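Engineer: Below is one structure. I have some questions about it.
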Amino acid sequence: MSYFFNLCYDYSMSRFGLPNFVKSLIHTGLDFLFPWRCLGCRREGRRLCQNCLNDLPRCVWSGENEIVSVFDYNSPLVKQAVWALKYRHGPDLAEIFARPLEQTLNEELADRLILPEGKIVLVPVPLSPRRRRQRGYNQAEILAEKLVELNPDRFELQADLIKKIKDTPPQATLKRRALRLANLKGAFAPAGGAPAGGRLIVIVDDVATTGATIGEIRKILQQQDCHRVWGLTIAHG
């Protein structure tokens, strides 16, 4: 999609607050007129081709604090892809990222000799109701859905365990760790879904920086007798 139409789309979404079905129609029309090109090599077809995906720098931090991250967010191409997933209606990118997410999680669990009993429960980081209405979708939930589609015998989605009750500024706008931690205090709460008991729970998000978001949700889940709680993100940085 051309840069000019990207700008037009951004302006229309922020200025006029268009309904979600109108946003979807705009996406469909622009995708038809201006087919996607790879964010890396600009080849037409997918927003991230397999060659460019394979060349993305891997995260060396993965596994610390039981948060598994696949790619290094300091890479400009990784940042572009995550940004497109969040703000450019990214089910296609979620599908592209699902396989490396699954592979990296499986490798980390195997290295720790962790053999989950039953299906792994995926809990996407929720958006506030206002942010969900504004964006029209939750990118973390789409990532979790694509993981379930990829391997339904391995994963189960439970999006009703946690809700966001406070509309907070984006974590990316806060540079200091103390501010990020304070920003999320009291932001999440149990949503009333049935706890997953002794099964392994994996909180799914797009990026981990300080781990504050996953840490806050982990505390709430552990208070509901969910003791094996990990995090899984596309990138860390």
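The values are calculated or read from the model by the stated rules, or taken from the named source; none is laboratory data. Note that this is a predicted model, so its numbers are computed, not measured. Note that we place each Cβ from the backbone using ideal geometry, even for glycine, and neighbour counts take in every protein chain shown.
Engineer: Within the group Ala208, Ala196, Ala191, which residue is surrounded by fewer than 21 Cβ atoms within 10 Å (Cβ to Cβ) and among the hydrophobic types (A, V, I, L, M, F, W, C)?
Structural biologist: Values: Ala208 fails: surrounded by fewer than 21 Cβ atoms within 10 Å (Cβ to Cβ); Ala196 fails: surrounded by fewer than 21 Cβ atoms within 10 Å (Cβ to Cβ).
After applying the criteria, what remains is Ala191.
Engineer: Do any helices (runs of 4 or more DSSP H) entirely within the range 122-237 hold 3 or more residues that are under 16 Å from the mean Cα position of the chain (by Cα) and of a type in the set (Lys, Arg), and if so, which?
Structural biologist: Numbers: elements: 129-135, 139-150, 177-184, 212-223.
Those helices (runs of 4 or more DSSP H) span 129-135.
Engineer: Which one of these does Asp153 not meet: (1) surrounded by fewer than 16 Cβ atoms within 10 Å (Cβ to Cβ); (2) touching a Gly at 6+ places or on another chain (Cβ under 6 Å); (3) more than 22 Å from Ala212 (Cα to Cα)?
Structural biologist: Every listed condition holds for Asp153 apart from (2).
Engineer: Just to be sure I understand, how many residues within the range 87-123 are in contact with a strand residue (DSSP E or B) (Cβ under 7 Å, 6 or more places away or on another chain) and buried (at least 20 other Cβ atoms within 10 Å of the Cβ)? Walk me through it before giving the result.
Structural biologist: Just the residues of the range 87-123 that are in contact with a strand residue (DSSP E or B) (Cβ under 7 Å, 6 or more places away or on another chain), to begin with: 97, 100-101, 104-105, 108, 119-123.
From what is left, the residues that are buried (at least 20 other Cβ atoms within 10 Å of the Cβ) are 97, 101, 104-105, 120-123.
The number of residues fulfilling the criteria is 8.
Engineer: Among the residues of the range 102-115, is any among the hydroxyl-bearing types (Ser, Thr, Tyr), touching a residue at least 12 places away in the same chain (Cβ under 8 Å) and assigned to a strand (DSSP E or B)?
Structural biologist: no
Engineer: Then there is this: I need the full set of residues from the range 192-220 which are within 21 Å of Arg131 (Cβ to Cβ), among the aliphatic types (A, V, I, L, M) and modelled with pLDDT of 90 or more, in order please.
Structural biologist: Ile203, Val204, Val207, Ala208, Ile214, Ile217, Ile220
Engineer: Pick from the range 42-58 the residues that are surrounded by 12 or more Cβ atoms within 10 Å (Cβ to Cβ) and modelled with pLDDT of 95 or more: which of them is farthest from Ala235 (Cα to Cα)?
Structural biologist: If we take residues in the range 42-58 being surrounded by 12 or more Cβ atoms within 10 Å (Cβ to Cβ) and modelled with pLDDT of 95 or more, then Cys49 is farthest from Ala235 (Cα to Cα).
Engineer: When the range 32-74 is examined, which residues are found to be in a loop (DSSP other than H, G, I, E, B) and in contact (Cβ under 8 Å) with a residue 60 or more places away in the chain?
Structural biologist: Initially, the range 32-74 is screened for residues in a loop (DSSP other than H, G, I, E, B), giving 34-36, 38-43, 45-49, 56-57, 59-63, 73-74.
Hits for the range 32-74 are Cys59, Trp61, Ser62, Tyr73, Asn74.
Engineer: Between a residue in the range 133-146 that is polar (S, T, N, Q) and any residue that is not in a helix (DSSP H, G or I), which pairs come within a Cβ distance under 7 Å, given they are 6 or more apart or on different chains?
Structural biologist: If the second residue must be not in a helix (DSSP H, G or I), the pairs left are Asn138/Pro124; Asn138/Pro126; Asn138/Leu127; Gln139/Gly90; Gln139/Asp206.
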